[in-house]
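Asks: Handing you this structure, nothing more for now.
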Amino acid sequence: MTDSRYVCSSCGKTHEGLPTDWGFKLPDEVFDLSYLEKYRRTRSNTDLCALDEQRFFIRGILMIPFTHQEGEFGWGVWAEVSKPDHDFYVDNYNNELAQGTKVQGKLANTIPGFPEITGLPLDIEIQSAKSRPIFTFPRSADHELAIDQRDGIDHTRHHRFLELCGHFDESDA
Ligand SMILES: [Zn+2]
């Protein structure tokens, strides 16, 4: 490994290198339930979640390309999908042939700094069992997060996301 410590052009402090992904443990509506309600009404693992056996969610990645360096930032977010699409994903979780299957969903997390994005439509592409589904906003989407996904983000914006998510509160702030 090369030494990734550097002096940050955004805040002037030394970072070990900024994380290139940020994940949400559960869909917001499930996360917000009380301890007991969560136990009574939901079941979940790190990829799948059901609420009241009526609403279904899968976890995937919203990739945001970097404009200042190689690679991309990955938001690990949840999408609400139909029961048939949820069932397909479960049934084919280890089926390589399902890779590339496209379904539709709706964003089920609010990302700090992006107001009112819950419920936005997403195109979902199932990957192999080793990678999470890829979430992409439709071409017609014109909100800020979709524009980020289309045009990419620079270091300052990457840094800002992590600030809003609280990354610097618990590490080298
Ligand atoms: Zn910084």
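Asks: Would you mind stating whether R40 is open to solvent by 30 Å² or more (accessible area, probe 1.4 Å) and farther than 21 Å from E116 by Cβ?
Replies: For R40, the condition - open to solvent by 30 Å² or more (accessible area, probe 1.4 Å) and farther than 21 Å from E116 by Cβ - is met.
Asks: Restricting to region 122-134, name every residue that is at pLDDT 90 or above and surrounded by 14 or more Cβ atoms within 10 Å (Cβ to Cβ).
Replies: Result: L122, D123, I124, E125, I126, Q127, R132, P133, I134.
Asks: When you go through R5, R40, R59 one by one, which is the residue that is more than 16 Å from the ligand (Cβ to nearest atom), touching a strand residue (DSSP E or B) at 6+ places or on another chain (Cβ under 8 Å) and of a type in the set (D, E, K, R)?
Replies: Checking each option against the conditions leaves just R59.
Asks: Looking only at region 8-37, which residues are without any contact (Cβ under 8 Å) to a residue 40 or more places away in the chain and either within 16 Å of the ligand (Cβ to nearest atom) or touching an Asp or Glu at 6+ places or on another chain (Cβ under 6 Å) (or both)?
Replies: Of everything in region 8-37, those that are without any contact (Cβ under 8 Å) to a residue 40 or more places away in the chain and either within 16 Å of the ligand (Cβ to nearest atom) or touching an Asp or Glu at 6+ places or on another chain (Cβ under 6 Å) (or both) turn out to be G12, G17.
The values are calculated or read from the model by the stated rules, or taken from the named source; none is laboratory data. Small disclaimer: the values here were computed from a predicted structure and weren't measured. A quick note on method: Cβ atoms are made from the backbone with ideal geometry, for glycine too, and the neighbour counts reach across all protein chains shown. Remember, those area values only see protein heavy atoms, side chains included, never the ligands or the DNA or RNA. Shrake-Rupley method; radii C 1.70, N 1.55, O 1.52, S 1.80 Å.
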